[in-house]
Amino acid sequence: MTDRKHEIATNLTAVEERITAACEAAGRRRDEVTLIVVTKTYPAEDVRVLSGLGVRHVAENRDQDAAPKATACVDLPLSWHFVGQLQTNKVRSVVGYADVVQSVDRARLVTALSREAVRAGREVRCLLQVALDADAGGRGERGGVAPSGVPELADLVAGAEGLRLDGLMTVAPLTGEYAGRQRAAFDHLMDLSTDLRRAHPAANMVSAGMSADLEEAVAAGATHVRVGTAVLGVRPRLG
Ligand SMILES: *Cc1c(COP(=O)(O)O)cnc(C)c1O
């Protein structure tokens with residue numbers, strides 16, 4: 001085993017143990033939570049190592065990096081999640097490899113995703129990214145729709161050809177009323193998910209929690225955690 005493979009395997013085991021412990025503490029089954037490894041800034045070789053270690057979900061946040069990586073790993077049994085702010089001019093490329101777009105946050109993006117999904121003959125699964133700290137009607141600094149905008153955007157995705165509404169995603173805010181209160185932030189997201197499922201029962205994915213706060217997310221009820229640093233190491237500043 002190479003040093004890098006050994007390092008990733010060790011980190012992955014530690015993260016698996018954290019998720020298992022968090023599930024036990026919350027009285028949840030381990031299979032209720034899916035690990036998505038965020039591979040941004042790391043090379044395709046690391047993605048290959050992860051796949052060999054049994055990882056089935058990876059996430060990227062920049063199309064420029066993700067597109068060639070997904071192409072290099074097209075032979076692997078992986079689901080690709082797009083979790084970054086998405087410009088409409090990148091949508092055609094992203095639809096070429098992404099199984100799930102977790103950062104849907106505005107109507108224009110829904111229109112573009114739908115058009116390109118139909119064109120590619122694909123179904124793209126969508127999560128609405130919620131900015132828990134955004135003012136009504138606005139969007140978060142790091143993207144995301146304000147909580148009050150969720151129902152309308154959800155209906156738009158659900159009615160769009162080529163798209164499937166799968167649920168909600170958030171990144172715990174670093175500032176504002178939820179700063180340092182990840183559990184409260186994730187509880188709020190769960191409430192929004194409960195409301196969403198009244199209108200869209202199948203949209204039951206809740207993507208929350210990263211390296212620093214996956215325990216809080218699992219405790220709140222997240223179905224998917226997105227972990228980068230804790231598996232692959234601290235990234236260079238970019239990304
Ligand atoms: C980078 C990133 C993650 C992973 O963050 P870590 O702290 O490295 O685990 C999760 N979600 C999104 C949207 C990200 O951009």
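Any read-out appearing in this document is the output of simple, stated calculations on the displayed coordinates, not a laboratory observation. Because the structure is a prediction, the values reported are computed rather than measured. Note that we place each Cβ from the backbone using ideal geometry, even for glycine, and neighbour counts take in every protein chain shown.
Structure notes:
- ASP155 being surrounded by fewer than 22 Cβ atoms within 10 Å (Cβ to Cβ), farther than 30 Å from ARG119 by Cα and not aliphatic (A, V, I, L, M): no
- Screening the range 27-50 for residues that are without any contact (Cβ under 8 Å) to a residue 24 or more places away in the chain and not in a helix (DSSP H, G or I) and picking the one that is surrounded by the most Cβ atoms within 10 Å (Cβ to Cβ) gives ARG29.
- Condition met for GLU24 (more than 16 Å from the ligand (Cβ to nearest atom) and touching a residue at least 60 places away in the same chain (Cβ under 8 Å)): no
For (1) surrounded by 16 or more Cβ atoms within 10 Å (Cβ to Cβ); (2) more than 29 Å from VAL150 (Cα to Cα), each residue gets a yes or a no:
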position	(1), (2)
ARG56	no, no
GLN64	no, no
PRO77	no, yes
GLY84	yes, no
GLN87	no, no
SER103	yes, no
ARG106	yes, no
SER114	yes, no
ARG125	yes, no
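- Filter pass, LEU12 being touching a helix residue (DSSP H, G or I) at 6+ places or on another chain (Cβ under 7 Å) and either part of a helix (DSSP H, G or I) or more than 22 Å from VAL231 (Cβ to Cβ) (or both): yes
- Only helices (runs of 4 or more DSSP H) whose full extent lies in the range 156-239 are considered here, and the ones with at least 2 residues that are in contact (Cβ under 8 Å) with a residue 12 or more places away in the chain and away from the ligand (no atom under 16 Å from the Cβ) are 182-199.
- Filtered residue count, the range 198-217, keeping only those that are surrounded by 15 or more Cβ atoms within 10 Å (Cβ to Cβ) and more than 21 Å from PHE82 (Cα to Cα): 3
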